[in-house]
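Okay, structure first, notes after.
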Amino acid sequence: QVQLVESGGGLVQPGGSLRLSCAASGSISSIYLMGWYRQVPGKMRELVAVITSSGSTNYADSVKGRFTISRDNAKNTVYLQMNSLKPEDTAVYYCHARPPQYWGQGTQVTVSS
């Protein structure tokens, strides 16, 4: 089993920045990919950004150029630096790891003036 603990969400004004962190613990040796998804009420959970253990990344088109995902393998932690935030980035952000499929509890990000 793998446990994922997120931190760093909150309220920020449009154009501001936040950094999310996700620390993994437990049986982490099998984890290949970690990343972030987000969900708003009434919509499906969507990919934000993922990173493999070798450092390859993939981003949603909506966040390219604004968000940066990084990973500290020594700390078993993945980060999401979010810059130039927009109101449409408001969502619950979930940390994700696989294989097979693990999810964090979610952290709320609200972008509003």
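If you check ARG19, ARG45 for being touching a Gly at 6+ places or on another chain (Cβ under 8 Å) and basic (Lys, Arg), only one passes: ARG19.
All of (1) under 16 Å from GLY106 (Cβ atoms); (2) open to solvent by 20 Å² or more (accessible area, probe 1.4 Å); (3) at pLDDT below 95 hold for ALA24 with one exception: (2). Before we move on, is GLN105 open to solvent by 40 Å² or more (accessible area, probe 1.4 Å), at pLDDT 95 or above and under 13 Å from ARG38 (Cα atoms)? Yes, satisfied. Taken as a whole, the condition of being open to solvent by 60 Å² or more (accessible area, probe 1.4 Å), within 30 Å of SER113 (Cα to Cα) and modelled with pLDDT of 95 or more applies to ARG45.
Would you check which residues across the range 65-79 are open to solvent by less than 60 Å² (accessible area, probe 1.4 Å) and outside any loop (DSSP other than H, G, I, E, B) and list them? Answer for the range 65-79, where residues must be open to solvent by less than 60 Å² (accessible area, probe 1.4 Å) and outside any loop (DSSP other than H, G, I, E, B): PHE67, ILE69, SER70, ARG71, ASP72, THR77, VAL78, TYR79. Give the residue, chosen from SER62, SER21, that is part of a loop (DSSP other than H, G, I, E, B), more than 19 Å from PRO100 (Cβ to Cβ) and not charged (D, E, K, R). Sole residue among the options that is part of a loop (DSSP other than H, G, I, E, B), more than 19 Å from PRO100 (Cβ to Cβ) and not charged (D, E, K, R): SER62.
With the requirement that a residue be buried (at least 18 other Cβ atoms within 10 Å of the Cβ) and either small (Gly, Ala, Ser) or within 19 Å of ILE51 (Cα to Cα) (or both), what does the range 80-91 give you? Step through it out loud before you land on a result.
First pass over the range 80-91, keeping only residues buried (at least 18 other Cβ atoms within 10 Å of the Cβ): 80, 82, 85, 89, 91.
Within the range 80-91, LEU80, MET82, ALA91 meet the criteria.
The residue of the range 27-41 that is surrounded by the most Cβ atoms within 10 Å (Cβ to Cβ), among those that are within 15 Å of PHE67 (Cβ to Cβ) and of a type in the set (Phe, Trp, Tyr), is TRP36.
The values are calculated or read from the model by the stated rules, or taken from the named source; none is laboratory data. Source: prediction; values computed, not measured. No Cβ is skipped: glycine too gets one built from the backbone with ideal geometry, and neighbour counts run over all protein chains shown. When the accessible area is computed, the model is the full protein with side chains, heavy atoms only, and any ligands, DNA or RNA have been set aside. Shrake-Rupley method; radii C 1.70, N 1.55, O 1.52, S 1.80 Å.
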